[in-house]
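The values are calculated or read from the model by the stated rules, or taken from the named source; none is laboratory data. Nothing here was measured: the structure is a model prediction, and the numbers come from that model. Here the Cβ is made from the backbone with ideal geometry for all residues, glycine too, and neighbour counts use every protein chain on show. Heavy atoms of the whole protein, side chains included, go into the accessibility calculation; ligands, DNA and RNA do not. Shrake-Rupley method; radii C 1.70, N 1.55, O 1.52, S 1.80 Å.
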Amino acid sequence: MMPYRYAHYVILLALVPAIGLAFWPAYFSNLRGASWVFHAHGLTASCWIILALAQSWTAHAKRFVWHRLAARSVLVLVPLFAAGGALALQGMATKFLTKSDPFYGAFGARLGMDDIVSTIMLVAMVRAAIVNRRRVGLHAAYMLATVALVLPPVFSRLPLPRWWHLADLLTIAIALAVYLARRRDGWPFLLVTVYSVWRIVQFETIAASDWWAAAFAQIKDLPPLPIVLGAFVASGVAIWSAWPWKRTTRVRPLSAA
């Protein structure tokens, strides 16, 4: 039996509605008014969630041909996601500097650092998933852990009590629960826990500093093309260099722990 056999149901029935609710006021309810920059980021992020759902379902449905075909999309989707994130980062810096949006005017610099770290985490996890493709449990854990990276921004936008870093604490609880359910190869979810802890620390320290605010504001005036190409190429090299360009032998799935 494949590991994490209910993951695609959780993504479809819980995460997707939560994303829709969380980002409805600022994005989905105003698609015509949103800039193409945020469309690029929103579209690539949405495609990633759909890919994770599809990969989980095809594996459990034993549609391995479809699974392998869908997997090839990471060669383009991950670099596009990183490039879209870089564009969104510049848009965030503009709103932070001009104070045109109260939310980003107050927290834009802090969220900007978080976006940089989370994008690096996603690229690293996808690369690790590719490298560990023959270890089915670990491969699945890495791919699903990338989805867990979206939980803090989703929780922070839901109508939940505004307790101290509740979004991060909820993410930590969920990631630890998934790890404890499958300790043998579920430790990528421990990386999500570390990321969430670091997110709290950086939000209250480095990302709140004056020097970072000044540095982040400078992103507004940088030419966008080098930023986009840099993110695309750097993430592309990370993924492309790990991809098995030669055909590999078929691997039997591991039984669930």
Q | Amide N of segment 141-163 lying under 16 Å from the label point, which is placed 7 angstrom from the Cα of S100 along Cα→Cβ | A | none
**Q.** Label-to-label distance, nm, for residues given as Q218 and T205 (7 Å Cα→Cβ offset)
**A.** 2.3 nm
Q) In the chain, what percent of the accessible surface is made up of carbon and sulfur (1.4 Å probe, ligands and nucleic acids excluded)? A) 70 percent
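Mind checking the per residue accessible area of the chain for me, 1.4 Å probe, whole number of Å²?
54 Å²
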Q) Size of the dipole of segment 141-257 about the Cα centre, Lys and Arg at +1 and Asp and Glu at -1 on the beta carbon, nothing else charged, in debye to 20? A) 760 debye
Q: Loop only per DSSP, at most 10 neighbouring Cβ atoms within 10 Å: give me the trypsin sites (Lys or Arg not before Pro) in segment 1-82, ordered by residue number.
A: R32, R72
Q. Using the Kyte-Doolittle scale, which helices in the chain average at least 1.0 and also have C-alpha atoms spread 27 Å or more along the helix axis, with helices defined as whole DSSP H runs?
A. 74-98, 102-131
Q. Looking only at segment 105-130, which residues have a backbone nitrogen under 16 Å from a spot 7 Å from the Cα of V194 in the C-beta direction?
A. 117-129
Q. Between R135 and W245, how many nm apart are label points set 7 Å from Cα along the C-beta direction?
A. 2.5 nm
Q: Using Cα pairs closer than 8 Å and at least 6 residues apart in sequence, work out the relative contact order for segment 139-257, in percent.
A: 21 percent
(Q) Taking R0 as 25 Å, what FRET efficiency do you get between L158 and N30 from their Cβ-Cβ distance, rounded to the nearest 0.05? (A) 0.85
Q) Taking 0.36 nm per intervening residue step and subtracting the Cα-Cα distance, what contour gain separates L69 from L229 on full extension? A) 55.0 nm
